[in-house]
Amino acid sequence: MPFIQLIMVTLLWAGCLDTRQVFVQPSPDAGLVCVGNYPAPNDPCLPECGNEIGVGQPCTKGGYECADFDLLTQAAMCTVDFSSTTELAFCTRPCSVDADCGTGAICREDPEDPNASKGCVPETCVDED
């Protein structure tokens, strides 16, 4: 799906949802604790919770788990809602550089479609060959 269409669909989708702040809190050991009813990660590379902007938060197709994140500044899109070929189900957002993705995540393009827009991916899920 071209980037412009993806953004338009996302904006329409977000207009129907109640977007709230990230439901992640720091724990006493400086880790992150999920607050809310989120699914378990569907792959061992995914964290149990997303980072400070939600990148990596496990999600399900049509489950709206990423809707808790701000559409413009956080990971408000679930990968499996926008791709029928991805195996990893997590919240992500468009990016240009790694800094757009928050702690423990990097900005990557689809290796099967280098002309596609980039998205944030947890570092633990990226194979560096």
In the range 85-121, what residues are free of Cβ contacts under 8 Å to residues at least 24 places away in the same chain and either of a type in the set (Lys, Arg) or in contact with a strand residue (DSSP E or B) (Cβ under 7 Å, 6 or more places away or on another chain) (or both)? SER96, VAL97, ASP98, ASP100, ILE106, CYS107, ARG108
Inter-residue pairs, beta-carbon under 8 Å, first modelled with pLDDT under 90 and in the range 28-54, second surrounded by fewer than 13 Cβ atoms within 10 Å (Cβ to Cβ) and in a loop (DSSP other than H, G, I, E, B), 6+ apart: VAL33/SER27; GLU48/ALA40
Taking the options CYS120, CYS78, CYS107, name whichever one is modelled with pLDDT of 90 or more and more than 25 Å from GLY36 (Cβ to Cβ). CYS107
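Look at THR92 and say whether it is over 16 Å from GLU48 (Cβ atoms) and at pLDDT 95 or above. Break it down into steps so the answer makes sense when it comes.
On the way: over 16 Å from GLU48 (Cβ atoms): yes; at pLDDT 95 or above: yes.
Answer is yes for this residue.
For the range 34-69, which residues satisfy the criterion of being more than 19 Å from ILE106 (Cα to Cα) and either surrounded by 14 or more Cβ atoms within 10 Å (Cβ to Cβ) or within 10 Å of the chain's Cα centre (by Cα) (or both)?
As a first pass, look at the range 34-69 and keep what is more than 19 Å from ILE106 (Cα to Cα): 34-40, 42, 60-65, 67-68.
Listed by number, the residues that qualify are CYS34, TYR38, ASN42, THR60, GLY63, TYR64, GLU65, ALA67, ASP68.
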Members of the range 70-111 found to be surrounded by 18 or more Cβ atoms within 10 Å (Cβ to Cβ) and in a loop (DSSP other than H, G, I, E, B), listed by number: LEU71, GLN74, ALA75, ALA76, LEU88, ALA89, ARG93, CYS95, GLY102
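The values are calculated or read from the model by the stated rules, or taken from the named source; none is laboratory data. For clarity, every value in this text was computed on a predicted model and none was experimentally measured. Glycine gets a Cβ as well: all are built from the backbone with ideal geometry, and neighbour counts include every protein chain shown.
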